[in-house]
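The values are calculated or read from the model by the stated rules, or taken from the named source; none is laboratory data. Worth saying up front: this structure is predicted, and the values here are computed from it rather than measured. Counting neighbours? That spans all protein chains shown, and the Cβs are built from the backbone with ideal geometry, glycine included.
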């Protein structure tokens with residue numbers, strides 16, 4: 001299949017996976033929030049902010065290098081695997097030993113045992129890094145979607161079972177570990193790759209030069225999350241961190257349902273056409289428009305209806321998360337293009353430029369959190385919103401330089417997004433006001449339908465080419481589900 005068709009199929013498959021996981025995940029969260037307290041969610045959230053640091057050290061960015069490399073061979077892959085395994089073992093032990101220090105930083109002894117058990121997640125993730133990279137490189141996104149769905153659903157069953165049997169906060173821990181373990185096992189089974197007993201210092205250094213820049217980007221992001229959690233928990237308490245975590249989860253769920261597939265798919269797709277500047281530029285602009293069209297409606301719905309959605313999904317007692325979720329949804333609208341830009345810079349083999357951008361934006365985010373935390377969670381969310389606007393404008397100039405286009409060209413799709421979101425959001429807000437007295441689920445459905453219809457009308461009016469592009473890919477996706485693609489070199493020959 002062509003690269004464009006493979007990319008479209010990959011995005012659709014991973015999006016289907018996200019919908020399957022999130023729909024069942026809504027049920028899981030709805031159960032858990034009725035049995036677990038904000039402090040318990042805050043405890044796991046605080047512990048989880050530290051884990052990604054160790055994930056990154058175990059991989060060292062080698063998976064990202066493998067995905068975009070021209071010709072990865074067995075020696076390169078084995079070198080990456082053995083490093084990941086050794087690093088995973090060492091880092092798991094280091095995480096167990098450092099847990100008391102993290103507990104002191106967050107001023108909570110409950111974090112210590114939770115973090116020590118969650119340290120197993122580092123080993124699971126490290127062991128699966130090379131097989132997962134191979135699946136992404138080969139654009140086998142249907143297999144990735146299937147194994148991720150199976151792992152997530154089984155993990156959610158485990159979490160609900162543990163919650164109902166009185167395990168408390170350990171239900172959240174069990175969910176995380178079960179999901180990661182199953183993903184690792186299934187990745188090895190599907191990839192059908194086995195390492196050899198080889199380790200090349202030269203290959204290691206080549207991957208490390210590229211991976212260090214990827215590592216720096218991810219370290220900055222995780223450092224920002226850790227700093228935000230530490231600032232909020234120390235200033236406003238673990239309960240406030242729990243409320244923020246629920247609001248962020250809701251926004252992340254929405255983003256996952258519409259745009260999470262963009263980074264893994266676009267990285268591979270852009271890497272394959274990076275030698276043709278005209279083709280790359282055209283593909284990026286089309287992809288950006290479709291990204292805005294796909295992600296805008298559901299984020300707009302959340303920005304309008306979060307006060308209705310949160311009590312329905314999470315139950316009573318989480319109302320403080322509603323206004324925060326509304327502001328974060330608006331910020332999410334502004335940074336929709338960041339997921340695509342992330343894949344662009346990695347696919348072009350330029351993670352260093354993305355690192356500089358990420359460092360500046362994340363430093364601004366932490367500074368905004370430190371300044372606004374004293375005024376409460378709503379103020380913190382407003383700080384995020386301001387940084388999101390600055391990040392969006394700065395990306396226009398950064399991407400235009402890489403693609404050799406004008407910043408105005410890069411900003412054009414954002415103007416369409418703004419018009420569509422404001423119009424659809426205004427219509428949804430009107431429905432919210434006039435539907436008072438109806439059941440919450442009915443009001444949410446009416447608002448969602450209104451937002452979708454108005455948004456589609458705006459797309460048809462100002463960006464009809466987006467609808468034509470989407471319509472052109474859907475038949476190809478349906479054909480792809482019926483045609484088996486050879487997966488081994490022997491079959492291809």
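Overview of results
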quantity	calculated
Matching residues, the range 347-376, being over 27 Å from residue 236 (Cα atoms) and in a helix (DSSP H, G or I)	347, 351, 352, 353, 354, 355, 356, 357
Lone unmet requirement of (1) surrounded by fewer than 18 Cβ atoms within 10 Å (Cβ to Cβ); (2) over 22 Å from residue 74 (Cβ atoms) for residue 202	(2)
Odd one out for residue 277, checked against (1) at pLDDT 80 or above; (2) touching a helix residue (DSSP H, G or I) at 6+ places or on another chain (Cβ under 8 Å); (3) more than 30 Å from residue 381 (Cα to Cα)	(1)
Pairs where the first residue, in the range 271-286, is in contact (Cβ under 8 Å) with a residue 12 or more places away in the chain and the second is outside any helix (DSSP H, G or I), C-beta under 7 Å, 6+ apart	274/348; 277/404; 280/273; 280/274; 281/405; 283/273
Failed condition for residue 159, given (1) under 15 Å from residue 66 (Cβ atoms); (2) at pLDDT 85 or above; (3) buried (at least 22 other Cβ atoms within 10 Å of the Cβ)	(1)
Residue, surrounded by the most Cβ atoms within 10 Å (Cβ to Cβ), within the range 209-238, restricted to residues that are assigned to a helix (DSSP H, G or I) and over 24 Å from the mean Cα position of the chain (by Cα)	236
Exclusive hit being more than 27 Å from residue 33 (Cβ to Cβ), in contact (Cβ under 8 Å) with a residue 24 or more places away in the chain and part of a helix (DSSP H, G or I), set 135, 177	135
Residue in the range 63-72 that is modelled with pLDDT of 75 or more, outside any helix (DSSP H, G or I), out of contact with any helix residue (DSSP H, G or I) (no Cβ under 7 Å at 6 or more places or on another chain) and farther than 30 Å from residue 197 by Cβ present	no
Meets criteria (surrounded by fewer than 21 Cβ atoms within 10 Å (Cβ to Cβ), assigned to a loop (DSSP other than H, G, I, E, B) and either at positive phi or modelled with pLDDT under 90 (or both)) for residue 419	no
Unmet criterion (only one of (1) over 24 Å from the mean Cα position of the chain (by Cα); (2) in a helix (DSSP H, G or I); (3) more than 22 Å from residue 119 (Cα to Cα); (4) touching a residue at least 40 places away in the same chain (Cβ under 8 Å)) for residue 199	(2)
Positions within the range 399-411 being in contact (Cβ under 8 Å) with a residue 40 or more places away in the chain, part of a helix (DSSP H, G or I) and surrounded by fewer than 17 Cβ atoms within 10 Å (Cβ to Cβ), in sequence order	409
